[in-house]
Amino acid sequence: MKMVKLAALAIAAGLSAAPGLAEGVKVGMITTLSGGGAGLGLDARDGFMLAVKQAGRSDLEVVIEDDQRKPEIAVQLADKMIQSDKVDVLTGIIWSNLAMAVVPAATAQGKFYLSVNAAPAVLAGKGCHKNYFAVSYQNDNLHEGAGAYVTGAGYKKPFILAPNYPAGKDSLTGFKRFYTGELAGEIYTKLGQTDYAAEIAQIRASGADSVFFFLPGGMGISFMKQYADSGVGLPVVGPAFSFDQGILGAVGEAALGVKNTSQWGKDLDNAANKAFVETFSAEYGRLPSLYAAQGFDTANLLISAMDKADVKDADAFRAALEAADFASVRGDFKFGPNHHPIQDIYVREVIKEGDVITNKIIGVALEDRADAYAAECKM
């Protein structure tokens with residue numbers, strides 16, 4: 001396990017801590033930096049660290065480790081960070097099965113967890129915790145938006161599929177919450193699967209009029225390429241995870257015209273987002289993805305709390321996080337009572353801008369969407 005240690009002290013030497021705060025904040029970032037899901041973790045890390053660099057804080061230190069997309073590794077890293085590194089805040093996990101392995105134990109030990117991505121249903125509802133904040137969404141949200149879009153677009157018989165793990169189950173649950181008509185078929189695939197010949201054959205034979213899928217990372221790349229080659233030709237709808245910037249570079253023109261749902265897009269018209277897209281592109285030589293945007297917002301939320309309270313005063317720091325007093329790249333940002341965002345879910349279309357395949361926002365699927373589990377949360 002290779003460790004990368006990045007301290008804001010090295011980034012902004014000589015700057016002092018925020019006035020009135022006794023100590024700095026140490027963050028443990030556990031994310032996926034190798035294997036099939038590495039692109040997602042790299043983007044989340046780079047977005048987070050861009051915000052840290054821009055803030056120039058000498059009182060913020062970030063320790064970064066690779067979870068290799070393995071729950072047992074994530075648990076080992078979290079234990080080390082809590083017991084040995086003495087971190088105050090944990091963040092970074094992309095995959096919901098890893099989040100379920102790490103978050104409950106970390107928050108039970110008094111640590112704050114700020115999620116850059118994974119936000120499984122149980123942690124929004126009965127398993128919520130006062131020290132857990134999902135800065136991204138609740139897992140169902142983008143899929144709910146897709147269900148609403150499919151309904152509004154007049155599709156009558158979609159075929160739906162997702163991987164068999166917590167986020168996959170949340171995905172299809174969310175889709176069916178807002179699409180209540182007939183399904184041509186419903187499949188849970190193996191997590192990490194790369195061959196979708198059998199599933200595509202089922203889609204072809206199903207009588208479907210459209211396809212909705214959630215297959216993040218390399219899974220989505222493999223499916224979309226095979227689907228395009230198959231000639232099935234049915235309209236495709238998905239969440240941003242399957243058609244985000246890092247995915248589109250690998251899928252290519254096969255994704256053109258696909259509609260996908262997201263709480264963020266690079267063309268959202270607000271000052272914070274315009275600056276983020278420009279500075280991220282300049283810093284890393286690529287357009288930002290949804291994961292990068294979420295990482296950036298997560299770091300800025302943390303920094304906004306540091307401006308108001310000492311992390312050692314847990315009640316005050318929690319209240320500062322709840323205030324969410326920062327300029328989000330999404331525009332308006334606020335937390336619901338279970339520490340999950342209330343936000344718009346947009347519809348995007350995959351287009352070509354010059355030589356670059358990217359997304360353009362074309363509408364709003366759901367306005368001010370919270371989540372379906374907040375009422376179950378008793379903090």
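Bear in mind these aren't lab numbers, they're just calculated from the coordinates by the rules spelled out. Values in this document were obtained by computation on a predicted structure and should not be read as measured data. Cβ: placed from backbone, ideal geometry, glycine included. Neighbour counts: every protein chain shown.
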Here the relative contact order (percent) of segment 59-204, from C-alpha pairs under 8 Å and at least 6 apart, is 17
Quick one: putting +1 on the C-beta of Lys and Arg, -1 on the C-beta of Asp and Glu, what dipole do you get for the chain around its Cα centre, in Debye to the nearest 20?
480
Please report the relative contact order for the chain, taking Cα pairs under 8 Å with a sequence separation of at least 6, and give it as a percent rounded to a whole number.
18
What is the angle, in °, between the Cα long axis of helix 290-306 and the longest principal axis of the Cα atoms in the chain? Nearest 10 is fine, range 0 to 90.
20
Computed curve, segment 229-379, Cα-only Debye sum without solvent term, log₁₀ I(q)/I(0) at 0.09, 0.15, 0.18, 0.21 Å⁻¹, is -0.35, -0.86, -1.11, -1.33
As I understand it, the value is the acute angle between the Cα axis of helix 166-178 and the longest principal axis of the Cα atoms of the chain; what does it come to in degrees, rounded to 10?
60
Toward the positive end of the charge dipole of segment 247-329, about the Cα centre and with charges on Cβ (Lys, Arg +1; Asp, Glu -1), which of 306, 288, 321 goes farthest?
288
Counting pairwise Cα distances across segment 234-273, what percent come out greater than 16 angstrom?
39
Simple spin-label estimate for residue 204/residue 157, 7 Å along Cα→Cβ, in nm, reads 1.8
I need the calculated FRET efficiency for the pair residue 271 and residue 79, taking r as the beta carbon distance and R₀ as 45 Å, to the nearest 0.05.
0.65
Can you figure out the FRET efficiency of residue 352 with residue 197, using R₀ = 30 Å and their beta-carbon distance, to the nearest 0.05?
0.60
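With the cut-off at 35 Å, report for the chain the share of all Cα pairs above it, as a whole percent.
20
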Relative contact order for segment 228-379, counting Cα pairs under 8 Å that sit 6 or more residues apart, in percent:
26
quick note, the chain, DSSP beta bridge pairs, % antiparallel (nearest 5) is 40
Between residue 250 and residue 286, how many nm apart are label points set 7 Å from Cα along the C-beta direction?
1.0
DSSP loop GluC sites (Glu not before Pro) in segment 139-218 with at most 14 other Cβ atoms within 10 Å of their Cβ, which ones?
182
Residue exposure sequence - 171, 206 - by fewest surrounding Cβ within 10 Å
206, 171
Total charge of the residues flanking residue 284 in space, meaning their Cβ is under 11 Å from its Cβ, with Lys and Arg +1 and Asp and Glu -1, is -1
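Determine the gain in length on full extension of the stretch residue 322-residue 183; use 0.36 nm per residue of separation and subtract their C-alpha separation, reporting nm with one decimal. List each step's numbers first, then the result.
Numbers: separation 139, 0.36 × 139 = 50.04 nm, distance 3.93 nm.
Result: 46.1 nm gained on full extension.
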Which of the listed residues, 118, 356, 168, is farthest toward the dipole's positive end in the chain, when Lys, Arg count +1 and Asp, Glu count -1 at the beta-carbon?
168
Specify, per residue and in Å³, the volume enclosed by the convex hull of the alpha carbon atoms belonging to segment 22-172.
134
When Lys and Arg each count +1 and Asp and Glu each count -1, what net charge do the other residues less than 10 Å away from residue 37, Cβ to Cβ, add up to?
0
Taking the radius of gyration and the Kirkwood hydrodynamic radius from Cα positions alone, what is the Rg/Rh ratio for segment 185-241, to two decimal places?
0.91
Rounded to the nearest angstrom and ordered from largest down, what semi-axes does the equivalent ellipsoid of segment 223-310 get from its C-alpha gyration tensor (root of 5λ)?
32, 13, 11
Summed over the other residues with a beta carbon less than 13 angstrom from that of residue 191, with K and R at +1 and D and E at -1, the charge totals +4
Nearest 10 degrees, 0 to 90: helix 218-230 Cα axis against the chain principal axis
20
Sort 132, 155, 137 so that the residue with the fewest other Cβ atoms within 10 Å of its own Cβ comes first and the one with the most comes last.
155, 132, 137
Taking a temperature of 37 °C and a viscosity of 0.692 mPa s, what whole-number D in µm²/s does Stokes-Einstein yield for segment 311-374 with Rh from Kirkwood over alpha carbon pairs?
229
Quick shape check on segment 163-315: root eigenvalues a ≥ b ≥ c of the Cα gyration tensor, a/c under 1.5 is rounded, otherwise prolate if a/b tops b/c, else oblate, and it reads prolate
Given 37 °C and 0.692 mPa s, compute D for segment 213-259 with the Stokes-Einstein relation, Rh being the Kirkwood radius over Cα pairs; round to the nearest whole µm²/s.
316
Counting only Cα, what are the radius of gyration and maximum Cα-Cα distance Dmax of segment 129-184, in Å?
12.8, 42
